[in-house]
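Take a look at the structure below.
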Amino acid sequence: MATLVRHRWMTVAGVETFYREAGREDAPVLLLPHGYPCSSYEFRNLMPRLADRWRLIAPDFPGAGYSGTPDDFDYSFDGYAAWLEAFVSAMNVDRFVLYLHDFGSPIGARLAIRGPRRIAGLIIQNGDIPYEDALGPKYADIEATWTLPRSEMRRVLAEAISEETFKEEFLNDLPPALADTIPPDLWKLHWSLITPRRKEIAIDLIAGLKENRAWFQEHRKYLSEYRPPTLIVWGPNDHYMPEKSARAYLRDLPDAELHLLGGGHWLLETHLDEVVALIRKFLGRVHA
């Protein structure tokens, strides 16, 4: 039973919060904040594969997945980090390994900076990197909107939030043989959960990437100063975060373990067996 994923709701900082959990409550914890445009659903296959030895916790962010979408929430990277800290406290977790993927990376890194001693280690998988010179070519499309008047920028970003672009986000730069392994459930499920309010939230977050650049230095400072044990597992077929993005982390984490696999941005869909094996070895060393 411990390896089965449990699906639960609770109120965190005033937000009705959905989360998935697997493993014994007294086991070492792996915290799994998700990335855009997904939800905790992205970890549905990973969690039971590790729950024999570890406790895995994957929440849906406010405005995503099955969590609530309150009007008075701060839908920014800082706001999400504060909420994630409240979630960790509500779960009575004081030390954990943190999984960083996509938008979950700047949110999770902010959480780590708020309490670096509680981070037992990092697993970074196609994270939103804090290195301006190592971003993939698709970031140029986002950066091009930054020169527009704010109302025009939001209009352009709004046009890019559709079921078709969600599909492109999940297929990304995969070769056809691997693209066939990505289930359409990913983009269809998450698009079905988009409301007009949630579309505005997505626009705010993508627009917020411009301001987030100013925070890159703090992110790098945390990595270089604390140097938590780190496993980097990466799918290089990624228009946003290709191989050079993964290698950039080694500037501040020279002792990190880096593995380049054959997939792309959603590595848990295409290379789950390889990722699970690497994570099991890493967690075994961290919690030895």
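Accessible area per residue (1.4 Å probe, heavy atoms of protein chains only) ranks Leu258, Leu223 as Leu258, Leu223, with the largest value leading. Projecting the Cα atoms of Tyr99, Tyr240, Ile206 onto the charge dipole of the chain, computed from C-beta unit charges around the Cα centre, puts Tyr99 farthest toward the positive end.
In the assembled protein chains, Thr181 presents an accessible area of approximately 70 Å² (probe radius 1.4 Å).
Of Pro59, Pro176, Pro228, the residue with the greatest mean-square motion in the GNM of the chain, using alpha carbon springs below 10 Å, is Pro176. Per residue, the average separation of C-alpha pairs within less than 8 Å and at least 6 apart gives the chain a relative contact order of 18 percent. Residues in the chain average 41 Å² of solvent-accessible surface per residue, probe 1.4 Å, ligands and nucleic acids excluded.
Work through the residues other than Leu84 whose Cβ is under 14 Å from its Cβ and net out their charges, Lys, Arg +1 and Asp, Glu -1. Neighbourhood net charge equals -1.
Hey, which of these cross-link pairs are over 32 Å Cα-Cα: Lys138/Lys188; Lys199/Lys281; Lys167/Lys210; Lys188/Lys210; Lys188/Lys281? In this structure, Lys199/Lys281; Lys188/Lys281 exceed 32 Å between Cα atoms.
For Ser224 and Asp185, a Förster radius of 45 Å and the Cβ-Cβ distance give a FRET efficiency of 0.70, rounded to the nearest 0.05.
Suppose only helical runs count, i.e. DSSP H with n ≥ 4. What mean residue ellipticity at 222 nm does that imply for the chain under -39500 (n - 2.57) per run, divided by all residues and rounded to the nearest 500 deg cm²/dmol?
On the way: 14 runs with 119 residues, N = 288.
Rounded to the nearest 500, the figure is -11500 deg cm²/dmol.
Long hydrophobic helices in the chain: none of the complete DSSP H runs spans 30 Å or more by Cα along its own axis with mean Kyte-Doolittle hydropathy of at least 1.6.
Given a 1.4 angstrom probe, I'd like the percentage of the accessible area of the chain that is carbon and sulfur, rounded to a whole number.
On the way: 6010 of 11850 Å².
That fraction is 51 percent.
Taking a ≥ b ≥ c as the square roots of the Cα gyration tensor eigenvalues, the stretch 5-287 comes out rounded, since a/c falls below 1.5. Neighbours of Ala120 by Cβ distance under 11 Å: Lys/Arg scored +1, Asp/Glu scored -1, total +3. Treating each Cα of the stretch 44-167 as one equal point scatterer and applying the Debye formula with no solvent, the log10 of I(q)/I(0) at q = 0.09, 0.10, 0.20 Å⁻¹ comes out as -0.33, -0.41, -1.39. Could you tell me whether the stretch 207-288 comes out rounded, prolate or oblate from its Cα gyration tensor? Rule is a ≥ b ≥ c as square roots of the eigenvalues, rounded for a/c under 1.5, then prolate if a/b exceeds b/c, otherwise oblate. Judged from the Cα gyration tensor, the stretch 207-288 comes out oblate (a/c at least 1.5, b/c at or above a/b).
For the chain, the dipole from Cβ point charges (+1 on Lys and Arg, -1 on Asp and Glu) about the Cα centre works out to 840 debye, to the nearest 20.
The values are calculated or read from the model by the stated rules, or taken from the named source; none is laboratory data. Everything numeric here is computed off the predicted structure, so don't read it as measured data. With ideal geometry, Cβ positions are generated from the backbone for all residues, glycine too; neighbour counts draw on all protein chains shown. Surface accessibility is based on the protein's heavy atoms, side chains included, excluding ligands, DNA and RNA. Shrake-Rupley method; radii C 1.70, N 1.55, O 1.52, S 1.80 Å.
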